[in-house]
Amino acid sequence: MSDTAPPTTSQAGALIDRARRVAERAYAPYSRFRVGAVVVTPEGATFEGVNVENAAYGATICAEANAISTAAAAGVRTLATVAVGCLDADECYPCGNCRQLMREFGVEHVVVQGTGGRVRIHPLGDLLPHSFGPESLGSS
Ligand code: THU
């Protein structure tokens, strides 16, 4: 992992605003819980994702997984920041599986929409302590 500075308060706010706009494109006819994610590379490139649900509920793709996969498909292998916004609740923290997906690509900071419109910035290590990652296999 590198040591990218955390996003500033104003950068984090802009990322959440964007993630919430992205969430307008969510495909969530079952839960009606629309989520948007924006991932940022260390160089500042960004990729977006929304949750995409499925009639077979288990096939649902989270917004963060979608954004991370889109970045990976573009050749990105290292991410600095992931921002998560939602439209149908005050707060949306990433699920455990998405935290693990972030871990794979070295995400350092997660920006989340917290209660009362507060934007929160967390080191990924705080959301996923004692984690298992690529170097755990001795392959990094
Ligand atoms: N969801 C996400 O997109 N990201 C998360 O981290 C948690 C949950 C989506 C999945 C599903 O479409 C809806 O939110 C309700 O679980």
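The values are calculated or read from the model by the stated rules, or taken from the named source; none is laboratory data. Quick caveat: nothing in here was measured; it's all calculated off a predicted structure. As a convention, Cβ positions derive from the backbone with ideal geometry for all residues, glycine included, and neighbour counts pool all protein chains shown. Only protein heavy atoms, including side chains, enter the accessible area calculation; ligands, DNA and RNA are left aside. Shrake-Rupley method; radii C 1.70, N 1.55, O 1.52, S 1.80 Å.
Would you mind telling me which numbered condition in (1) touching a Phe, Trp or Tyr at 6+ places or on another chain (Cβ under 7 Å); (2) open to solvent by less than 50 Å² (accessible area, probe 1.4 Å); (3) hydroxyl-bearing (Ser, Thr, Tyr) THR41 fails?
Condition not satisfied by THR41: (1).
Which ones in the stretch 95-119 are closer than 16 Å to THR4 by Cβ, within 11 Å of the ligand (Cβ to nearest atom) and among the β-branched types (Val, Ile, Thr)? Spell out the reasoning first.
Residues of the stretch 95-119 closer than 16 Å to THR4 by Cβ: 102-103, 105-111.
Within this subset, residues satisfying the condition of being within 11 Å of the ligand (Cβ to nearest atom) are 102, 110.
Matches in the stretch 95-119: VAL110 only.
List the number of the failed condition for ALA65; all other conditions in (1) part of a loop (DSSP other than H, G, I, E, B); (2) under 10 Å from the mean Cα position of the chain (by Cα) hold.
Against the list (1) part of a loop (DSSP other than H, G, I, E, B); (2) under 10 Å from the mean Cα position of the chain (by Cα), ALA65 comes up short only on (1).
Across the stretch 103-117, what is the number of residues that are in a helix (DSSP H, G or I) and within 19 Å of ARG18 (Cα to Cα)?
Final tally of qualifying residues: 3.
Name the residues in the stretch 9-32 that are within 18 Å of GLY117 (Cβ to Cβ) and open to solvent by 70 Å² or more (accessible area, probe 1.4 Å), would you?
From the stretch 9-32, those within 18 Å of GLY117 (Cβ to Cβ) are 9-24; that's our starting set.
The answer is THR9, SER10, GLN11, ASP17, ARG20, ARG21, GLU24.
For ALA73, only one of the following conditions fails: (1) within 17 Å of GLY49 (Cα to Cα); (2) in contact (Cβ under 8 Å) with a residue 12 or more places away in the chain. What is its number?
ALA73 satisfies every listed condition except (2).
Can you tell me which condition GLY106 does not meet? The list is (1) open to solvent by less than 20 Å² (accessible area, probe 1.4 Å); (2) in contact with a strand residue (DSSP E or B) (Cβ under 9 Å, 6 or more places away or on another chain); (3) of a type outside the set (S, T, N, Q), and all the others hold.
(2) is the only condition that GLY106 fails.
Could you please let me know if ASN54 is surrounded by fewer than 21 Cβ atoms within 10 Å (Cβ to Cβ) and either within 11 Å of the ligand (Cβ to nearest atom) or in a strand (DSSP E or B) (or both)?
So ASN54 passes the test.
Only residues that are over 20 Å from GLY125 (Cβ atoms), surrounded by 16 or more Cβ atoms within 10 Å (Cβ to Cβ) and within 12 Å of the ligand (Cβ to nearest atom): list them for the stretch 68-91, please.
Correct list: GLY85, CYS86, LEU87.
Give me the pairs: first residue in the stretch 111-122 and more than 13 Å from VAL82 (Cβ to Cβ), second residue part of a loop (DSSP other than H, G, I, E, B), beta-carbon distance under 7 Å, and six or more apart or on different chains, which are they?
Close Cβ pairs satisfying both conditions: GLY114/GLU91; THR115/ASP90; THR115/GLU91; GLY116/ASP90.
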